[in-house]
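A.B. asks: Before we start, here is the structure in question, set down as structure tokens.
What follows draws every value from the coordinates through simple rules; no lab data is involved. Computed from a predicted structure; not experimentally measured. Quick reminder, even Gly has a Cβ in these numbers, built from the backbone with ideal geometry, and neighbours come from all protein chains shown.
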Amino acid sequence: MIQIIQVLILGLALGGVYALMSSGMTLIFGVMRIVNLAHAAFIIMAAYISFWLFKVWRVDPIVSMAVTMPVMFLVGVLYYRVLFASRADNPRFTDITVLVTFASALVIEGVLSYLFTGIYRSTSPVYATRPFLIGPFFVPQSQVYATLISIALIVSLWLFLQYTRVGNAIRATMQNRNSAQVVGVNVALVSMLSFGIGLAMAGAAGSLLSFIFTFFPSKHVAWIGMLMSLVVLGGMGSLMGAMLSSFLLAVIASYVSFYWGPTWAPITFYLALFLILLFRPQGLLGKKMDG
Amino acid sequence: MGTLVVENIVAGYGSGPNILRGLSLTIEAGKTYCIIGPNGAGKSTLVKVIAGLLKPREGRIMYKGEPINGLRADQVLQRGICYVPSDRSLFPDMTVKENLRMGGYILRNSSLVEKRIEQIFIQFPILKEKRSQMAKTLSGGQQQLTSIARAMVLKPELIMLDEPSLGLAPKVVQQIFGTIAILRDQGLTILLVEQNARKGLENADQGVVLDLGMNSFERPAVEVLHDPRIQELYLGKRSRPLQAEAAQ
Ligand SMILES: Nc1ncnc2c1ncn2[C@@H]1O[C@H](COP(=O)(O)OP(=O)(O)O)[C@@H](O)[C@H]1O
Ligand SMILES: [Mg+2]
């Protein structure tokens with residue numbers, strides 16, 4: 001019994017980070033119908049920024065979010081501006097984005113390999129190796145901090161979308177791009193901003209996972225598959241859906257890993273992706289899309 | 001006064017052909033215009049161009065003596081020209097009230113927007129009743145009403161309605177024309193695009209026939225309604241498919 005609860009705790013402690021990783025990707029899809037296959041690569045790029053700040057100046061990776069978030073926001077704005085802004089009216093826009101972002105992921109991987117080599121990296125603040133002990137249970141401090149910060153960021157994003165003028169414009173654009181234009185929303189600007197916000201979330205995720213996982217430039221290949229399944233399971237474009245599916249799959253993967261061994265854990269995500277596409281392609285909280 | 005003058009407008013989509021090919025039209029303040037014409041004539045294209053959602057390739061649009069072609073959609077709204085699209089597309093996962101708030105998006109003054117929404121609720125009690133319901137759960141007629149009300153939040157001087165009766169049951173069509181009559185009484189300038197030519201013309205001062213994106217033909221609505229050529233083309237024609245349907 002204690003073990004079952006212990007495994008649950010470890011799963012939940014990772015769920016928030018998965019949710020943060022997928023939140024930006026689902027936002028980017030929801031607003032612009034961009035399938036961002038470079039999302040995991042951008043997350044790793046941010047992890048390297050944190051790694052570098054930690055190595056050179058001993059900047060705590062949590063503190064370095066103050067750098068990675070704005071930097072990745074700007075990267076997102078520029079990336080969108082250069083590669084997507086002029087194509088937004090193309091009827092095959094979403095197809096184009098798959099190819100462009102996939103190519104971008106490979107370019108980012110190449111540049112990171114050149115700059116940082118392929119060696120496994122991670123940051124090592126003191127809390128990276130310490131657990132919290134609660135009665136008979138333990139949970140790594142790093143994961144507790146990472147998940148709590150992730151949840152705080154996602155809740156802030158949700159409040160922003162719900163209660164601010166710009167947030168409402170983003171939601172309106174997600175729900176009906178034409179109508180948003182009709183009421184005077186500058187959808188081109190909203191799209192650029194949303195891409196920036198999506199990558200700022202990726203930046204935060206990169207800083208946080210720099211001390212809970214090891215990473216290397218080609219690690220994004222493994223993560224993008226996981227992110228795709230989280231985003232699709234939650235319902236593409238649904239923030240709450242991504243949050244729900246992240247916790248759900250993190251916990252399931254945690255049990256799979258405990259009973260069958262860690263090598264089987266990734267299967268959880270692919271199996272979930274497969275099943276959801278088969279039985280509920282719109283995802284848990286997604287809407288059926290026509291066209 | 002608030003006259004809208006469309007001068008030799010040429011417009012089309014992307015790199016496609018010209019849909020409007022040198023169209024001119026004058027809309028006088030305070031009158032209701034009904035634009036009729038066959039499917040694909042460019043009626044929707046014309047209102048999109050005026051609304052600033054599609055840039056014309058050539059020509060000018062003057063409002064109150066100032067050019068408004070080339071302005072962004074939000075700038076056109078700012079001048080008091082609103083557009084209600086034909087698919088009555090609301091924000092499906094927002095409540096009726098949130099949809100109305102989005103109508104006042106360009107105002108940047110939430111207390112003013114709230115005040116306007118309260119006025120709209122007095123005018124259309126059904127919307128007050130449904131205010132917390134998600135837009136996607138409304139009936140077709142309620143959606144159309146919300147869509148019109150969303151434009152009214154800006155208190156426009158000129159409102160363009162693209163086929164407001166499309167796909168609605170006859171009784172609901174009646175209600176929508178009732179709503180349009182209210183807008184007329186308030187002194188708004190109305191540009192109404194209608195498939196239902198008879199109903200549209202009956203509720204308008206002027207009738208405009210648009211064909212092939214070329215120059216339109218404009219007459220008082222009653223004259224258009226009783227013009228034998230128009231009856232043949234747009235009024236008579238409509239009953240034929242219906243009869244065919246009935247025969248099946
Ligand atoms: N978004 C669009 N992209 C390309 N062509 C379009 C678009 N919208 C309309 N058209 C074309 O423009 C022509 C006129 O359409 P429209 O203005 O909607 O006509 P109407 O409203 O009079 O039925 C049609 O041939 C239609 O196929
Ligand atoms: Mg039309």
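A.B. asks: Enumerate the calculated ³J(HN,Hα) couplings along the stretch A:49-57 in order (Karplus 6.51 cos²θ - 1.76 cosθ + 1.60, θ = phi - 60°), each rounded to whole Hz, writing x wherever the residue is Gly or Pro.
C.D. replies: Each residue of the stretch A:49-57 in turn: 4, 5, 4, 5, 4, 5, 5, 7, 10 Hz.
A.B. asks: Distances over 20 Å make up what percent of all Cα-Cα pairs in the stretch A:165-247? Please report the intermediate quantities before stating the final value.
C.D. replies: Values: 1607 of 3403 pairs.
In whole percent, the share of Cα-Cα pairs in the stretch A:165-247 beyond 20 Å is 47.
A.B. asks: Could you pull the Rg and Dmax for chain B, using just the Cα atoms, both in Å?
C.D. replies: Reported Rg and Dmax, both Å: 18.0, 57.
A.B. asks: Order of A:Val190, A:Val82, B:Val193 from fewest to most other C-beta atoms within 10 Å? All intermediate terms of the calculation are to be shown ahead of the outcome.
C.D. replies: On the way: A:Val190 22, A:Val82 9, B:Val193 25.
With the sparsest Cβ surroundings first, the list reads A:Val82, A:Val190, B:Val193.
A.B. asks: Could you work out the mean projected area of the convex hull around the alpha carbons of the stretch B:84-158, in square nanometres to one decimal? Can you show the working numbers first?
C.D. replies: Numbers: hull surface 18.7 nm².
That works out to 4.7 nm², a quarter of the Cα hull's surface.
A.B. asks: Further, regarding this structure: Quote the charge dipole size of the protein assembly as shown about the Cα centre in Debye, to the nearest 20; the model charges only the Cβ of Lys and Arg (+1) and of Asp and Glu (-1). Don't jump to the answer; show the numbers that get you there.
C.D. replies: Details: 46 positive and 29 negative charges, 108 e Å.
Using Cβ point charges on Lys, Arg, Asp and Glu, the protein assembly as shown gives about 520 debye.
A.B. asks: What's the Kirkwood radius of chain A in Å, using all Cα pairs? List each step's numbers first, then the result.
C.D. replies: On the way: mean 1/r = 0.0520 Å⁻¹.
With all distinct Cα pairs of chain A included, I get 19.2 Å.
A.B. asks: Angle between the Cα long axis of helix A:220-234 and the longest principal axis of chain A, 0 to 90 degrees, nearest 10?
C.D. replies: 70
A.B. asks: Can you compute the label reach from B:Ala29? Point 7 Å from Cα along the Cβ direction, backbone N cut-off under 11 Å, restricted to the stretch B:1-19.
C.D. replies: Taking a point 7 Å out along Cα→Cβ of B:Ala29, the residues of the stretch B:1-19 whose backbone N falls under 11 Å are B:1-4.
A.B. asks: Can you pull the semi-axes for the stretch A:111-224, root of five times each eigenvalue of the Cα gyration tensor, sorted largest first, whole Å? Walk me through the numbers before you get to the answer.
C.D. replies: Working: eigenvalues 255, 89, 17 Å².
Its equivalent ellipsoid spans semi-axes of 36, 21, 9 Å.
A.B. asks: With a Förster radius of 45 Å, plug the Cβ-Cβ distance of B:Arg198 and A:Val155 into 1/(1 + (r/R0)^6) and report the FRET value to the nearest 0.05. Before the final figure, lay out each step's value.
C.D. replies: Details: r = 55 Å, r/R0 = 1.22.
My answer for the efficiency is 0.25.
A.B. asks: Just need the Rg to Rh number for the stretch A:1-156, please, alpha carbons only, Kirkwood Rh. Before the final figure, lay out each step's value.
C.D. replies: Values: Rg = 18.1 Å, Rh = 17.6 Å.
Rg/Rh: 1.03.
A.B. asks: Now, a different point. Test of understanding: what is the full-extension gain from A:Lys55 to A:Ile134, defined as 0.36 nm times their sequence separation minus their Cα-Cα distance? Spell out each step's value before the answer.
C.D. replies: Details: separation 79, 0.36 × 79 = 28.44 nm, distance 3.20 nm.
25.2 nm is the gain from fully extending A:Lys55 to A:Ile134.
A.B. asks: If you don't mind, there's one more thing I want to ask. Provide Rg over Rh for the protein assembly as shown; use the alpha carbon set for both Rg and the Kirkwood Rh (inverse mean inverse pair distance). Walk me through the numbers before you get to the answer.
C.D. replies: On the way: Rg = 27.9 Å, Rh = 26.0 Å.
Value, to two decimals: 1.07.
A.B. asks: Okay, moving on. Dipole magnitude of chain B about its Cα centre, charges +1 at Lys/Arg Cβ and -1 at Asp/Glu Cβ only, in debye to the nearest 20? Provide the component values of the computation, followed by the final result.
C.D. replies: On the way: 31 positive and 24 negative charges, 109 e Å.
So the magnitude is around 520 debye.
A.B. asks: What percent does the relative contact order of chain A come to when contacts are Cα pairs within less than 8 Å and at least six residues apart?
C.D. replies: Contact order relative to length: 36 percent.
A.B. asks: Based on the Cα atoms of the stretch B:13-156, what semi-axes does the equivalent ellipsoid have, where each is the square root of 5 times one gyration tensor eigenvalue, given in whole Å with the largest first? Mind dumping the intermediate values first?
C.D. replies: Values: eigenvalues 175, 63, 39 Å².
Working through the eigenvalues yields semi-axes of 30, 18, 14 Å.
A.B. asks: Still on this structure, I have one more. Using Cβ contacts closer than 10 Å as the measure, can you line up B:Lys48, B:Lys199, B:Lys136 from fewest to most?
C.D. replies: On the way: B:Lys48 24, B:Lys199 19, B:Lys136 13.
Listed from fewest to most nearby Cβ atoms, that is B:Lys136, B:Lys199, B:Lys48.
A.B. asks: Could I ask something else about it? Between 0 and 90 degrees, rounded to the nearest ten: what's the tilt of helix A:2-32 against the longest Cα principal axis of chain A?
C.D. replies: 20
A.B. asks: Order by neighbour count: B:Glu118, B:Glu98, B:Glu7, fewest other Cβ atoms within 10 Å first, most last.
C.D. replies: Working: B:Glu118 11, B:Glu98 20, B:Glu7 17.
Fewest to most other Cβ atoms nearby, the residues stand as B:Glu118, B:Glu7, B:Glu98.
A.B. asks: List, in order, the whole-Hz ³J(HN,Hα) value for each residue of the stretch A:154-161 obtained from phi through the Karplus relation with A = 6.51, B = -1.76, C = 1.60 and θ = phi - 60°; use x for Gly and Pro.
C.D. replies: Rounded to whole hertz, the list is 5, 5, 4, 4, 5, 4, 4, 5.
A.B. asks: May I pose another question? Given B:Lys43/B:Lys97; B:Lys64/B:Lys130; B:Lys43/B:Lys171; B:Lys31/B:Lys155, which pairs have Cα atoms separated by over 28 Å?
C.D. replies: Details: B:Lys43/B:Lys97 30 Å; B:Lys64/B:Lys130 37 Å; B:Lys43/B:Lys171 25 Å; B:Lys31/B:Lys155 16 Å.
Correct reply: B:Lys43/B:Lys97; B:Lys64/B:Lys130.
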